[in-house]
1. Taking residue 250 and the conditions (1) not in a helix (DSSP H, G or I); (2) not assigned by TED's automatic domain parsing to the domain that holds residue 351, which numbered condition does it fall short on, given that it satisfies the others?
2. Pull out all pairs, ordered by first then second residue, where Cβ-Cβ is under 7 Å, the residues are six or more apart or on different chains, the first lies in the range 274-289 and is free of Cβ contacts under 8 Å to residues at least 24 places away in the same chain, and the second is open to solvent by less than 20 Å² (accessible area, probe 1.4 Å) and small (Gly, Ala, Ser).
3. Can you tell me which residues in the range 134-166 are farther than 19 Å from residue 197 by Cα and open to solvent by less than 70 Å² (accessible area, probe 1.4 Å)?
4. Identify all residues within the range 143-178 that are touching a residue at least 24 places away in the same chain (Cβ under 8 Å) and not in a helix (DSSP H, G or I); write none if there are none.
5. Please enumerate the residues belonging to the range 414-429 that are touching a strand residue (DSSP E or B) at 6+ places or on another chain (Cβ under 9 Å) and surrounded by fewer than 20 Cβ atoms within 10 Å (Cβ to Cβ).
6. When residue 176 is evaluated against the numbered criteria (1) hydrophobic (A, V, I, L, M, F, W, C); (2) open to solvent by less than 10 Å² (accessible area, probe 1.4 Å); (3) at pLDDT 90 or above; (4) out of contact with any Ser or Thr (no Cβ under 9 Å at 6 or more places or on another chain), which criterion, by number, is the only one it fails?
7. Contact list please: Cβ distance under 9 Å, first residue in the range 73-99 and within 14 Å of residue 138 (Cα to Cα) and without any contact (Cβ under 8 Å) to a residue 60 or more places away in the chain, second residue open to solvent by less than 10 Å² (accessible area, probe 1.4 Å) and not in a helix (DSSP H, G or I), pairs at least six apart or on different chains.
Amino acid sequence: MEGPRRRSLPWGARAVLSGAVVAAGACALPVARGNVPWGAFGLLAGLYALCEWPARCPFLVGRVTVPTGSGSFFPVLLAAAFLLPPAAAALAAVPGALLGPVEQPPRSIRRLWRAARLALAVGAAAEAHRRLGGRAALGGPALAPDFPYALLPAGAAALVFCAVLAALDGLILWTAERLPARTAWRGLFPRSLAPYCVHGLAGLMMAVLWRSPYGPPAALLVLLPMYISCWVFAQYHRERAAHQATIRALVQAVDIKDTYTRGHSERVGLASVLIARELGMDESRLEVLRFAGILHDVGKLGVPTRLLRKDGPLTPQERAVIELHPEYGHEMVRGIGFLGEARAAILHHHERLDGSGYPYGLAGPQIPEFARVVAVADAFDAMTSTRSYSRARPVGAAVEELERCAGRQFDPVMVRALARALDRHGWHPAVTADEPDRGGAADSGNVPACDAAPAGHA
């Protein structure tokens, strides 16, 4: 569950969670009738739990590079789906799911959700495998596996496993995050399909070795490539953490220099993501867009502090200096490869649709998509935040101003997307000035955004 940002779950998400738990319980209930190979069940359930446990063990955290939430050990669950009856396979997923690490609260609810969704996915995969005669195709101590037919039920099981997880993940995003249905499910299945097919092949390898004359110890050999895969994922997560640290350091530097707009960068990143999700933008681009919003003003580090904190009106020469900050920012992040499209947004977020913006006077579709998103998010937060030189406007008034300027300064598509997202999620701006109401000659009041950029928006 990507999970709700609020402390209390919406009623729809509660219903989904309750339904998933009840369905998972019903799926596992037939184990009470017996006919379960308890030895194999115990080994597989224990093995999956053991794989998930190190990331939570206080003695191993920091010493064992096990990623969280990557699904690196799903081959163990798929091997259980191939070797056990559906009910037992579903139950085998529960201990590891409950033991696995959870990074965000509410942790107990997230663990319960993860256990229920994995139990349903593994149970459904085991049923698909059983119906296609997969158990017989695995062979046995005195019988060779039936290749290539064994690939068919294993592949079908992996597809079902992927489909169930994608369906449940989309459902919780729709109900807990209140995303549009099209956005909630968009891309979940295609993105997961290739990794889960690889997991299915590894699980099939485990199952075949398990049923071979060498027994379960031979199946454990598959854990080595799985751990290597796990290590690769861990390196990815470490690299991502380093990226986040780089972003935080740059944002803190801007906040220290321009204290009147503290917190502005994070809110622009949030508003940019709201717009992108409303547009159905691919999830793989959302983080880069968030970086673009957060770093859009990083070029202010190259602007003299006295100009950023000046109370009186800016002279034309001073404004020209401030208007260099997009180019300064682009130069600063040019060598940061993981920013991708964000670099263009940092450079062009002050371009205007009618071509009268800066630094290059781009117009219409010449302006990069990310820059058009960040421009709307930036202006919206500038208008709805109280600063030393301007009072906050109500959200509705700010949206009306953006709509009035749509087509000249802002992309109407982005403005409409922000309006829809605000209707759905609301907005809670914070005071960003150290001294909220100093007034002064620089106070731009309610200057329309399309007639003159709001103070602080330069």
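The values are calculated or read from the model by the stated rules, or taken from the named source; none is laboratory data. Model, not experiment: these values are computed from the prediction. Because the Cβ atoms are built from the backbone with ideal geometry, glycine has one as well, and the counts that use them run over all protein chains shown. Ligands, DNA and RNA are stripped out before the accessible areas are found, and what is left, the full protein with its side chains, is counted by its heavy atoms. Shrake-Rupley method; radii C 1.70, N 1.55, O 1.52, S 1.80 Å.
1. (1)
2. Every condition considered, the pairs that remain are 286/276.
3. Correct list: 139, 140, 145.
4. 145, 150, 177, 178
5. Of all residues in the range 414-429, those touching a strand residue (DSSP E or B) at 6+ places or on another chain (Cβ under 9 Å) come to 414-416.
Correct list: 416 only.
6. Just one mismatch for residue 176, condition (3).
7. From the range 73-99, no pairs qualify.
The rows are residues; the columns are (1) crowded, with 19+ Cβ neighbours inside 10 Å; (2) modelled with pLDDT under 90; (3) over 14 Å from residue 296 (Cβ atoms).
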residue: 324; (1), (2), (3): no, no, yes
residue: 335; (1), (2), (3): no, yes, yes
residue: 357; (1), (2), (3): yes, no, no
residue: 376; (1), (2), (3): yes, no, no
residue: 386; (1), (2), (3): no, yes, yes
residue: 393; (1), (2), (3): yes, yes, yes
